[in-house]
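Everything below concerns the one structure shown next.
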Amino acid sequence: MNAVNGRRPRGGGDRAKADMHLHTLYSDGTADLRALLDHVERHTDLDLIAITDHERIDGALRAREIHAAGSYSYDLVVGEEVTTRRGHLLALFVEERIPALRPLAETVERIHAAGGIAIAAHPLAPLTPSLGRRSLLSLQADPRDERHLDGIELMNPSAAGRSRQIARRRLNEDLLHLAAVGNSDAHVLEGIGTAWTSFPGASATEYRAALEAGATRPDGAFWSNLHNVAVYRRQLVAKARHLRHTLRPSGEWR
């Protein structure tokens, strides 16, 4: 984390914008680390981002090094999108990789033991591994606080996020009462910042405090079907690049 306490939101006003669900070439994203960091600086008014590649944090740790050596005007948090046996979780503010394909409650507990926070990514979505209603309710009913979620992604502009959007909002309002967040789940540069979390303050520390206080608000706009198709096509190209590099390693290409 590279917190800048006391900094004003880049977009003006008294609430900042965070996009805490971003992918790079380290998993199934299409942008390298430096290109992503520079895009956030030059083409968005985000105050905080998190790199959350699937099942790994080495890219996020490397991004933090680049970020610390630059002159960026926003904060960066190390994260991971973890695949549990029940669906995807965002692990934020972690320093070590959280293992995949473990039971859901155990994974949430591991995230907290590592000093992180656990957020349900695109819950109820049928198009990608996501936590369902029963899993969400089971976690919140667990008597152990360390197995409770810290937040729920209610705004995700992808096809996965558009599906069942009303159902997930009603579930949270009526039964879960979790801090609500928005994230772009961007796999391409132009997707970054299309959804975000509004929170008081501007730093990573203040974002975390806002989650704990339930003072976050999701916002953003859904992608068109054409954009979703274009993203999937470019992801296939990125996966082919991964395969070529695996077969013939050629230095730090990401």
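The values are calculated or read from the model by the stated rules, or taken from the named source; none is laboratory data. Since the model is a prediction, treat every value here as computed from it, not as a measurement. Note that each Cβ is placed from the backbone with ideal geometry, even for glycine, and that neighbours are counted across all protein chains shown. Side chains included, ligands, DNA and RNA excluded: accessible areas come from the protein's heavy atoms. Shrake-Rupley method; radii C 1.70, N 1.55, O 1.52, S 1.80 Å.
Sequentially through the stretch 46-52, phi angles give Karplus couplings (6.51, -1.76, 1.60; θ = phi - 60°) of 5, 9, 7, 9, 9, 8, 10 Hz, Gly and Pro residues having no value and appearing as x. Protein heavy-atom accessible surface, 1.4 Å probe, per residue over the chain: 44 Å². What does a probe at Asp58 reach in the stretch 6-27, counting residues whose amide N is under 19 Å from the point 7 Å along Cα→Cβ? Backbone N within reach: 23-27. Over the stretch 1-113, the Kirkwood radius and the radius of gyration, each from Cα atoms, give a ratio Rg/Rh of 0.99.
Across the stretch 32-139, the mean sequence separation of Cα contacts (distance under 8 Å, 6 or more residues apart), normalised by length, yields a relative contact order of 21 percent. What FRET efficiency comes out for Ala240 versus Arg144 if R0 is 30 angstrom and r is the Cβ-Cβ distance? Round to the nearest 0.05. So the FRET efficiency works out to roughly 0.10.
Per-peptide packing, taken as the mean over residues of other Cβ atoms within 10 Å, places 212-223, 44-55 in the sequence 44-55, 212-223 from highest down.
For the chain, carbon and sulfur atoms together expose 50% of the accessible surface, with a 1.4 angstrom probe and every protein chain in place. Across the stretch 72-209, the relative contact order, built from alpha-carbon pairs under 8 Å that are at least six residues apart, equals 18 percent. In percent, what relative contact order does the chain have, based on Cα pairs under 8 Å that are 6 or more apart in sequence? Reported as a whole number, the value is 22 percent.
Taking every Cα-Cα distance in the stretch 72-203 and sorting them into 5 Å bins starting at zero, the pair-distance distribution P(r) comes out as 2, 11, 20, 25, 21, 14, 6, 1, 0 percent.
Helical runs (DSSP H, four residues minimum) scored at -39500 (n - 2.57) apiece and divided by the length of the chain put the mean residue ellipticity at 222 nm at -10000 deg cm²/dmol. Each of the peptides 132-145, 84-97 was scored by the mean count of other Cβ atoms within 10 Å over its residues; in descending order, highest first, they stand as 84-97, 132-145.
Could you work out the Rg to Rh ratio of the chain, with Rh taken as the Kirkwood radius (inverse of the mean 1/r over all Cα pairs)? Rounded to two decimals, Rg/Rh equals 0.94.
Annotation: extensible slack from Arg85 through Leu101 equals 5.3 nm (criterion: 0.36 nm per residue apart, minus Cα-Cα distance). Counting only the Cα atoms, the stretch 188-229 fills a convex hull of 84 Å³ per residue.
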